[in-house]
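Have a look at the structure below, then the notes.
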C-alpha cells in the first residue's frame, strides 16, 4: 500500500512540474516573461548580502573536466575577475552617451533574466551582439545553468570516463599468460627456465633451440576476440564522446557560465565590453539573442529585447578642420645637376657602352634628360657638359683628353636633347680633378692617417700638378690610388641652369596647402593619434593640443594650451577637461566657467565627456 502511495506522489509531482514548465514556456512564447537588457543605473551597486538568489560553483571530478567559476574575462587585461552580479536597477534606460578615448570605447549593459526562466533543469545560452556601422559583431556569450542541468552534463563526462576505463592498455591482459607458461614448462622446460632470466634471446635463436619463436607462441595464446573488441573500443572513442557527452561544458570563448542553485530572484549580470573605435563612428547598438536548453536540446528561442543605443563622442570631433597654408618662396632661377661615372679606355675619348657600368650610367643620364624636359614650367638657360680626368699622364695631355671626352658625350646624347635646347648646350672640362681627389682621400678609411696627410700636404700647392703626381706615384699606396680612387675622378657632370617660364621677378612668395598639417588633421579624424601627434607637434596650436589630448598626453597638451589665447572657449574647455583628468578640480572649474561665458554651447558638449561629469554636477548643484 505504501509503495502505491509513493508511486502516486511521484507521478503527481512529475505532472505538476510538467504543467508548471508548460505554463512558463507559454508565457515566454507570448512575451509575458522575457529577458531584457538595459543601460546600468549610475547609482552605486547594492551590498552583496542583499541578493535574492544564490550562486554556487560546481567543480567537475573528472581529471580532464572543466572548472566552472563565477568569473569573467576582463576585455582589456584578459584576466579573470569576479563576476559582477547585481540586484535589479530601478531605472531602465535604452541609450547612453559614451566617450572614445585613446582610440577605444567602453560600454556596459545589464542582462536581466526573470526568475521564471531559472529552472534547475534548464540552461540559458544568451549571446549579446553589437551593430557597429555596417557590421554585426558577436560578443562573448553568457550561460546560466541550472543545478540539475549541470549535474546531467557531469554525468555524461562520468559515463565517458567509465567507457575510457574499459579500454585495456596493459597488453598482458590480452594474453593467456598462465596457459603459455604451462605450455613452456611442459614442452620446453629450458625456455620456461628463462622466465626470470634477463638476458635476451632473439627469435631466430629461440627457434633454433626450441623449434618455436616467441612471436608464434605469443600469437597462439593471445585472446584474439578480446583484442578485437578492445581495438573497436579505441576506434569508437570520438563516437562515444558525442553519444555520452551530449552537451559538453564550454570553457573557452564565453564571458560567464554560472550555476544557479536557487531561482528565488531575478538574475542580473553587468556586461562590460571595450572595443577599438572606427573613424566616423557615431553610435553602436547592442541586442541579445538566446535559447533555453534542456538535456542539450533547444526548447525555445527567446525573443529579442529592445536594443540599446550608445552615442559615441570623440575629442577628434572638436578639431578645427580649417585648411592651413604655408608660404613658399619661389626662385626664378633653378639649378639642377647629375654626375655620371663614365669610363674610357686609357688615353681614349670614344664611348664604349660595354666598358664597366657605362651602359647603366648613360641610361640614367638619358632618363634625367627626360625628367627635366617633361617639366614644362621650366625653360633651359644652359646645359654644361663637363668631363674630368684622373692625374695619370701629363696635365696638358689630360686637358685635351677631357675636352675631347666632353665633346664625345655631347655627340652621343645629342639626339636626346630637344631641338629648342640645343643652342644652350655647352661643353667644359677639368684636366685633372684634384679637388675631388682631396675630398676622397680625406674621408678614406683604408689608407693610414700618415699616408692621407702626406697626400693632402702634396696637393696643397697645385702650381705644378705633374710634379705632385710624380711624387704621389712613388708612395706605397699608389697602386691603391690608381685602382680604387682614380677611376672615380674620371666622371662627366651635367649642370642644368633653368628658369621658371613666365616669371619676371627673381623671387615670388606664394601660399600652398600645408600637406603635412592636413595629413595630421586627417589622422586625427581617423583616430590615428600617433601619426596625428607626429605631424601636428611642431605647430603647437589648438589642433596639436587636441592630438596630445586624444593620445592621453595630458601634460604636453596643457603645455601647448598655456601658450594659446584664454579668450577662446575651446581652449578653456580643453584646459578644464585636462585639469579634471589630472584631478585639479578647482582650476578645472574656473576654466569651465570661462568656457561657458564665451560659448554656452560648451555645457552641452560637457555632457558627452565623462571627465566633465563632476564639473557639470557641481554647476548644477550651485544653480539649484
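The values are calculated or read from the model by the stated rules, or taken from the named source; none is laboratory data. Everything numeric here is computed off the predicted structure, so don't read it as measured data. For neighbour counting, all protein chains shown are included, and Cβ atoms are generated from backbone atoms with ideal geometry for every residue, glycine included.
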Q. Mind checking whether some residue in the range 142-157 is over 27 Å from the mean Cα position of the chain (by Cα), at pLDDT below 80 and loosely packed, with under 14 Cβ neighbours inside 10 Å?
A. no
Q | Odd one out for residue 559 among (1) under 21 Å from residue 314 (Cβ atoms); (2) out of contact with any helix residue (DSSP H, G or I) (no Cβ under 8 Å at 6 or more places or on another chain) | A | (1)
Q: Mind counting the residues in the range 291-316 that are assigned to a strand (DSSP E or B) and in contact (Cβ under 8 Å) with a residue 60 or more places away in the chain?
A: 14
**Q.** Residue tally, condition more than 16 Å from residue 250 (Cα to Cα) and touching a helix residue (DSSP H, G or I) at 6+ places or on another chain (Cβ under 6 Å), over the range 144-166
**A.** 3
**Q.** Failed criterion for residue 391 (all others in (1) over 58 Å from the mean Cα position of the chain (by Cα); (2) assigned to a helix (DSSP H, G or I); (3) crowded, with 18+ Cβ neighbours inside 10 Å hold)
**A.** (2)
Q: Of the numbered conditions (1) surrounded by 14 or more Cβ atoms within 10 Å (Cβ to Cβ); (2) modelled with pLDDT of 85 or more; (3) out of contact with any strand residue (DSSP E or B) (no Cβ under 7 Å at 6 or more places or on another chain), residue 619 fails exactly one; give the number of that condition.
A: (2)
Q: Restricting attention to helices (runs of 4 or more DSSP H) lying wholly within the range 445-563, give those where 2 or more residues are surrounded by fewer than 15 Cβ atoms within 10 Å (Cβ to Cβ) and assigned by TED's automatic domain parsing to the domain that holds residue 575.
A: 554-561
Q) Considering only residues of the range 324-348 that are farther than 29 Å from residue 498 by Cα and surrounded by 13 or more Cβ atoms within 10 Å (Cβ to Cβ), which is modelled with the highest pLDDT? A) 324
Q. Among the residues of the range 279-290, is there at least one that is assigned by TED's automatic domain parsing to the domain that holds residue 27, in contact with a helix residue (DSSP H, G or I) (Cβ under 6 Å, 6 or more places away or on another chain) and either within 22 Å of residue 110 (Cα to Cα) or part of a strand (DSSP E or B) (or both)?
A. no
Q. Which of the residues that make up the range 254-276 are more than 19 Å from residue 141 (Cβ to Cβ) and part of a strand (DSSP E or B)?
A. 276
(Q) Exactly one of these conditions fails for residue 570: (1) part of a helix (DSSP H, G or I); (2) in contact (Cβ under 8 Å) with a residue 24 or more places away in the chain; (3) surrounded by fewer than 22 Cβ atoms within 10 Å (Cβ to Cβ); (4) over 35 Å from the mean Cα position of the chain (by Cα). Give me its number. (A) (4)
